[in-house]
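Please read the structure below before turning to the comments.
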Amino acid sequence: MKKILFMVTACLALLLAMSCTSTIVNTSTTPHLYTNSTSTEFEILGEIIYESKDRVGFIELLRAARNLYPDCDYVIDIMMDQKTTTQITTTKFFMRRTQSVETNIVWVMRGTAIGYK
């Protein structure tokens, strides 16, 4: 009888412990930067190219567009590229050979500046 009571109590404690555990789920969504609305008329002002050694975002591209085109309201058709330049230098001194590797990364964003009518 004690064994049955012990098993039932152990099962209840295990069920209680399992029901208290939780799982954290992280969900990330990518914002849509441009939607083609037929009800909105806009004028294409020109192309914007912005380069930086730091990772840049939409706000930096919009600031560059507004500096170039003061009537700019938004930037569409955004493309982001990463230029990686790797330089390998080999030095030979007597019987010893050493190499040094230098990598430079430049982020390039380009898009089309528009102004709403």
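The values are calculated or read from the model by the stated rules, or taken from the named source; none is laboratory data. Computed from a prediction, not measured in an experiment: that's the story for all the values here. Counting neighbours? That spans all protein chains shown, and the Cβs are built from the backbone with ideal geometry, glycine included.
Overview of results
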{"quantity": "Which listed residue is on the phi < 0 side of the Ramachandran plot and without any contact (Cβ under 8 Å) to a residue 40 or more places away in the chain, from Leu68, Leu62", "calculated": "Leu62"}
{"quantity": "Near pairs, Cβ below 8 angstrom, 6+ apart or cross-chain, from the stretch 74-99 (at positive phi) to any residue that is surrounded by 10 or more Cβ atoms within 10 Å (Cβ to Cβ)", "calculated": "Asp77/Tyr34; Asp77/Gly111; Asp77/Thr112"}
{"quantity": "The stretch 56-111, residues that are modelled with pLDDT of 90 or more and basic (Lys, Arg)", "calculated": "Arg63, Arg66"}
{"quantity": "Leu12 vs. criteria modelled with pLDDT of 65 or more, farther than 30 Å from Thr85 by Cβ and either surrounded by fewer than 10 Cβ atoms within 10 Å (Cβ to Cβ) or not aromatic (Phe, Trp, Tyr) (or both)", "calculated": "yes"}
{"quantity": "Subset tally (residues that are in a strand (DSSP E or B) and under 17 Å from Trp107 (Cα atoms)) for the stretch 46-74", "calculated": "6"}
